[in-house]
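Some notes on the structure that comes next.
The values are calculated or read from the model by the stated rules, or taken from the named source; none is laboratory data. Since we're looking at a predicted model, the values are computed, not measured. So basically every Cβ, Gly included, is an ideal-geometry build from the backbone, and we count neighbours across all protein chains shown.
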Amino acid sequence: MSEITPETIAHLANLARIALTPDEIEKLTGELGAIVDSVAKVSEVATPDVVATSHPIRLVNVFRDDVPGETLTTAQALAGAPEHDGSRFQVSAILGEEQ
């Protein structure tokens, strides 16, 4: 059983400047006690010969190699543009007169 008491919870709440009602203190005492007990159980089986893991299933990179392919020429890219200056797309300002 954990050593979490209502007095411990009230003290921690005071340090954190959190106002708790007696009902909240009682509820948190049980919840934090259960958490401490669970951590203690895990600590019992976590021995030096058990490798620490951050994920139960080994993750691998699923991305393919980046292989350059065919790209559009500037003329092809601008062919369907409503407005351009020959090398760039032109768009009207949307932020207002100040821009």
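Quick check on Leu28: is it without any contact (Cβ under 8 Å) to a residue 24 or more places away in the chain and either surrounded by fewer than 12 Cβ atoms within 10 Å (Cβ to Cβ) or among the acidic types (Asp, Glu) (or both)?
Criteria not met by Leu28.
Enumerate the pairs (first residue in the range 60-83 and without any contact (Cβ under 8 Å) to a residue 24 or more places away in the chain; second residue anywhere and among the hydroxyl-bearing types (Ser, Thr, Tyr)) with beta-carbon separation below 8 Å, excluding pairs fewer than 6 apart on the same chain, so at least 6 apart or on different chains.
Thr74/Ser87; Leu78/Ser87
If you take the residues in the range 25-59 that are among the basic types (Lys, Arg) and assigned to a helix (DSSP H, G or I), which one is modelled with the highest pLDDT?
Top of the filtered list is Lys27.
Sort out which residues of the range 7-24 are surrounded by 13 or more Cβ atoms within 10 Å (Cβ to Cβ) and in a helix (DSSP H, G or I), and write them in order of number.
Answer for the range 7-24, where residues must be surrounded by 13 or more Cβ atoms within 10 Å (Cβ to Cβ) and in a helix (DSSP H, G or I): Thr8, Ile9, Ala10, Leu12, Ala13, Glu24.
Quick check on Arg88: is it free of Cβ contacts under 8 Å to residues at least 40 places away in the same chain, basic (Lys, Arg) and loosely packed, with under 10 Cβ neighbours inside 10 Å? Explain how you work it out, then say what you get.
Working: free of Cβ contacts under 8 Å to residues at least 40 places away in the same chain: yes; basic (Lys, Arg): yes; loosely packed, with under 10 Cβ neighbours inside 10 Å: no.
No: the conditions fail for Arg88.
So, in the range 1-24, of the ones that are of a type in the set (A, V, I, L, M) and free of Cβ contacts under 8 Å to residues at least 12 places away in the same chain, which residue ends up nearest to Val39 (Cα to Cα)?
Within the range 1-24, the first condition is being of a type in the set (A, V, I, L, M), and the residues that meet it are 1, 4, 9-10, 12-13, 15-16, 18-20.
Next, from what is left, pick out any that are free of Cβ contacts under 8 Å to residues at least 12 places away in the same chain: 12, 15-16, 18-20.
On the way: Leu12: 19, Leu15: 23, Ala16: 23, Ile18: 25, Ala19: 27, Leu20: 25 Å.
Filtering first and then ranking leaves Leu12.
Working only within the range 60-80, note down all residues that are in a loop (DSSP other than H, G, I, E, B) and surrounded by 10 or more Cβ atoms within 10 Å (Cβ to Cβ). Please lay out each step first, then the result.
Initial filter on the range 60-80 (in a loop (DSSP other than H, G, I, E, B)): 60-73, 79-80.
Selection gives Ala79 alone.
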